Each structure stands twice: as C-alpha cells, then as structure tokens.
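The values are calculated or read from the model by the stated rules, or taken from the named source; none is laboratory data. The structure presented is a predicted model; accordingly, all values stated were derived computationally and were not measured. Neighbour counts are summed over all protein chains in view; Cβ atoms, including those assigned to glycine, are modelled from backbone coordinates with ideal geometry. Note: areas computed on protein heavy atoms with side chains; ligands, DNA, RNA excluded. Shrake-Rupley method; radii C 1.70, N 1.55, O 1.52, S 1.80 Å.
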Amino acid sequence: MKTVPSFWFEPRAWINGSWHKMDETIAVHNPATGALLANVSRTDVRSVNHAIDGAVASQKSWRETAPATRGNLLQCAAKLLIERKDQFGRLLSAEQGKPYAQAVGEVEYAASFFQWFGEEARRLHGRIVPHPEADREFFIQHRPIGVAGLITPWNFPLAQGAKKIAAALAAGCTAVWKPAESTPLIALALAPLLAECGVPPGVLQVVPGPGSIIGKLFAEHPAIGVLSLTGSTETGAQLMSAAAPQIKRLSLELGGNAPLIVLRDADLEFTAEQLVRMKLFVSGQVCVTANRVFVPREIEEEFVGIVTDLLRSKRVGNGLSDGVDAGPLIHERACRDVQAMLDESVANGARIVYQNQSYLADPQLDHKAFFPPTVVTGVDDEMGLSCKEIFAPIIPILAYDSVANAIQRANNTQHGLAGYVYGRDMSQCRAVANQLEVGIVGVNEWRPLKAEIPFGGIKQSGIGVEGGEEGMREFVTTQVISLPKPIVQI
Ligand code: ADP
C-alpha cells in the first residue's frame, strides 16, 4: 500500500510566485476512500483578476526571453517531474483515484509535453515570401497571443494542464490555469516545480475554483487572448458563447464517442486484452476511450467470452493498493449517472453479461464511488450507451453484419475524437481508418496519443489540436510585414 505524500505546496491559489489564501475553500477527497485530503482555497473574482493582471505584467519579459531559454526551463520541468514521479504519482492517485501505476504513467506523459514543447520552443520559425513586386518582400512571423486562460478536467489533471502550459509558455504566452474542482492539488503541486526551474513569477498562475464563474471571467476579460479548454461538449459550447462577443481565440478538446471496430480477421485475444486495458484505464473516464465496440455478429459470442474471462481476472480497488487494475469513478454522482444510462439501455433490451465487483471485498473503500467494470451485449444505436459518452468501465458490444455497415454506424454521431480498428489485413485496416470521421485512429493500438503528434477532435469534439508541431500554433497569431528590400550597392 502506497501512502499519500506530505505536501510540498500549499492548498491555496498560486499567484505571482506565492500562495494566496482565500476566505472560501473546496474540500478535496480521495474518491476511493472518501478521506479528506485538503481544503483548497476557492479563488475569488478579485484574486482571479489579480492573477490575470500579474500574467499581463510578466508577458513582455517572458515573450522577449530567448525561445531557447524558455525551452530550457520547460525541459527542466520535464526532468524534475521524472525525478519526482513517485511523489507526484502518489498524490495524483490519491486525488483522482486512478491506480498508482497509471498515475506514474500520467506524470511521465505530462513530462513528455514539457520535453517536447521545450524542444519546439526554438522552432517557431517564420518565413520570407517573395513579393510580386521585385523591390519588396514579405516577412511572416508568429507572435505569442498574450495571456492564455487554461481550463482542465479531472481525468488527467496533470497531463491536460501540462499539454496546455508547455505549449503556451513555449510560444511566449503567459498563462492563468483553472484546474478542475475535484483535482486542484496536482496543479498546485506543479506550480512551485516550474518556479524551481526558473519560470518567473506571474508566467504561470494557478487559480482553483468553479468553472462556470472563472470560465466566464476568462471569456469576458479583455486581457485573456486565448482560451484553451479540455472538458465536455456542453462546457465548450458555453465557453464559446461567452467568448463570442470578443471574438476570442478558442482551443477546445471536448467529448468523444469513439468506435472500436473489430474486423473478422482480428487476433481476438490481443484485441480483447487491449480493449480491457483501455476500458480499465482511468476506469473508462477518458474522452478517447472506446465507447462503442463493433464486432462481427458471427464471432460476437467468442469475443465476448474472451473479454469477460479477462475482465474477471482484474482487481478493482484503491489506486494506492498494490495490484489494483482500476480505481473508482471521480465521485458518487458519476456512478449514479452511469447507472441510469445502463438501466435505460437494459430496459430497452441490452443484456449485462458480466460485472466485476471485486472492490466489495475491501471494507475500507467508499463503495458508492465505484462502478463495476461491465460487459453489455445487445446494444443498439439508439440506446444511451451508444449515443452518449459513457465515462465508466462499461464495454458495450454492438454486433454488425458488414464492414460498410459498421463504418456507417461508427460515424453516425456528432462526436469525432478517436477511433480504433483491430485486424490483421493492414490494407483493410487502413481503408477503414481512412473512412472514420475522427481526429485520431489507433490501428491495433489502444493509446496512440503522444506529445509528438497533433491531437484534436472534429465535429462537436473540438477545435484545434494539442501536441505535435501544430500544438504551439494555438497560442500564436500570424503577422505579415510587407517591406522594401534593402538595396545595397556593392
Ligand atoms: P467534466 O464532465 O469532465 O467535469 P466539464 O466540462 O464539466 O467536464 O469540466 C471541465 C472543466 O471545465 C473543469 O475545470 C470545470 O470547472 C470547467 N467548467 C465547467 N463549466 C464551465 C463553464 N461554464 N465555463 C468554463 N469552464 C467550465
């Protein structure tokens, strides 16, 4: 059993390089046990404005810091995160509920973004374009937008922040970060680490608090030039409309409804192993997780049998205990919502094949926050399990008769974030992948997301990308200067 580390930070807002106590607090609990971890300051409106002012004040000197220097500071953050991954991993597991090994994986994933954008900082090239008139030329340059407002969810509370902070700071923006209400601790843990690397006060501010109030404030504050949100599609729409009067730049990573298509020639053992891993990862509370599993009707029974046997061998429990494969959901309310979705589908003909309730064996857990990993068959395209983002370890099986039919149904959603194809014939896998209306496809791979690639959704899954060369573009504007060519007589 791992322990919660003692805090190396204060549970307060981080503004201009120091901790700020507020009158009100938000209680943060370990979802697995219900234990109180901390009462974290709830940043009031005056203090959020103060944080934005500080980010504005530090903007000029940060923008004018050499890109290579900015990059080095970010690479330092990557290094320290890796060195301290046990400490960060234990805190993350306690606060979010995910198993320790997954939490450490998230710390490494977060570090990879600091490393990547630390390297990319020096590659924000402009270019010179010939002018149609012989005595002129165009300079094209990318300039930091200014202050970025960052809003992140609770499922990857460190990595989602790291992706945005690293890209924004690499581009020369300063940032005000509002972490999710349920998981502010890991955000506060990161702030002094960046300061230790030499990131100046005011360049990153952390303001825990309610999304509806701080999000609106970010959207309406004229000094915030770009808003980057990872959250639900509903929240994205609200933020977009709040930002509309100022035509504010938005970068939105929103909900998904990913299809996973098992082709007839797929290696069923391998596919089942990857599917179970994916659905137990953060207990299915992942926007890119497989939400609908399309299986050829003639192999459905065999595949479901393999998946069920595998799921039976897994252990659900406290993320800080050894040998746990999946933790709780983020809170009891999430369990109730998912149960309602499952009940509705069952009332309409879906069948629960198996549920893993291994967490019941541990009396020290808060069982109300756990949802059993579940296999459901007989799911059709109209049921809630198909139409909505499940955000729980439920594996809904949808039988199909032809690949064309599976693709058409896979695309029949307003979301377009991720998709998965499993099969042996690579030309067929590639052809299916090409036809999926999503931002990223994993072929025989359950987690293709990496710092090196641009990832973003289409349709109602978002606007813009994170990661890759493109990730920094979310935080810059493009300016063209048309100027006379210097004529020098030699
Ligand atoms: P989730 O269901 O994953 O919690 P949300 O979209 O509700 O997704 O939350 C993601 C982040 O968005 C959180 O930090 C939350 O506080 C914030 N948030 C919630 N409502 C709003 C809003 N109206 N405007 C801006 N941010 C919001």
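The slack between A68 and E83, meaning 0.36 nm per residue of separation minus the straight C-alpha distance, is 3.2 nm.
Of the listed pairs K163/K459; K21/K459; K79/K459, which have alpha-carbon separations greater than 31 Å here? The answer is K21/K459; K79/K459. Between the beta carbons of S212 and R277, assuming R0 = 35 Å, the FRET efficiency works out to 0.50 to the nearest 0.05. When I458, I145, I165 are compared by accessible area of protein heavy atoms, the largest-first order is I458, I145, I165, using a 1.4 Å probe. Here region 258-443 carries DSSP beta bridges of which approximately 15% are antiparallel, counting only pairs with both residues inside. Using C-alpha pairs below 8 Å separated by at least 6 residues, the relative contact order for region 258-443 is 30 percent.
Phi angles across region 357-362 convert, under the Karplus curve 6.51 cos²θ - 1.76 cosθ + 1.60 with θ = phi - 60°, into 3J(HN,Hα) values of 10, 4, 5, 5, 6, 9 Hz, Gly and Pro given as x. Equivalent ellipsoid of region 258-443: semi-axes from √(5λ) of the C-alpha gyration tensor, largest first, are 27, 17, 15 Å.
Once the Cβ-Cβ distance of E108 and T3 is raised to the sixth power relative to R0 = 22 Å, the FRET efficiency obtained is 0.60. For the pair region 371-446 and region 1-48, the centres of their Cα atoms are 39 angstrom apart.
Per-residue accessible area (protein heavy atoms, 1.4 Å probe) orders C387, C429 as C387, C429, starting from the largest. Taking trypsin sites (Lys or Arg not before Pro) in DSSP loop conformation with at most 15 other Cβ atoms inside 10 Å as exposed sites, the chain has its longest uninterrupted site-free stretch at 22-263.
Charges were assigned to the Cβ only: +1 to each Lys and Arg, -1 to each Asp and Glu. The resulting dipole of region 258-443 about its Cα centre is roughly 300 debye.
Note on region 239-275 and region 290-340: Cα centroid distance 19 Å, given to the nearest whole angstrom. Counting only alpha carbon atoms, the long axis of helix 67-83 and the longest principal axis of the chain meet at about 30°. Placing a label point 7 Å from the Cα of W19 along the Cα-to-Cβ direction, the residues of region 161-184 with a backbone N closer than 18 Å are 179, 183-184. Scalar couplings 3J(HN,Hα) for region 157-166, obtained by applying the Karplus form with A = 6.51, B = -1.76, C = 1.60 to θ = phi - 60°, are x, 8, 5, 5, x, 4, 4, 6, 4, 4 Hz; x denotes Gly and Pro. When W8, W19 are compared by accessible area at a 1.4 angstrom probe, the order from most to least is W8, W19. The shape of the chain comes out oblate: with a ≥ b ≥ c from the C-alpha gyration tensor, a/c is at least 1.5 while a/b does not beat b/c. Each of P448, G172, Y422 was placed along the dipole of the chain (beta-carbon charges, centred on the mean Cα), and the one lying farthest toward the positive end is G172. Partnerless cysteines in the chain, where a partner means another cysteine C-beta under 4.7 angstrom, comprise C173, C287, C335, C387, C429.
Residue by residue, region 406-418 carries 3J(HN,Hα) couplings of 4, 5, 4, 6, 4, 7, 7, 8, 7, 8, x, 9, 10 Hz when phi is fed to the Karplus relation 6.51 cos²θ - 1.76 cosθ + 1.60 (θ = phi - 60°); x denotes Gly or Pro. When +1 charges are put on Lys and Arg Cβ atoms and -1 charges on Asp and Glu Cβ atoms, the dipole computed for the chain relative to its Cα centre reaches about 1260 debye.
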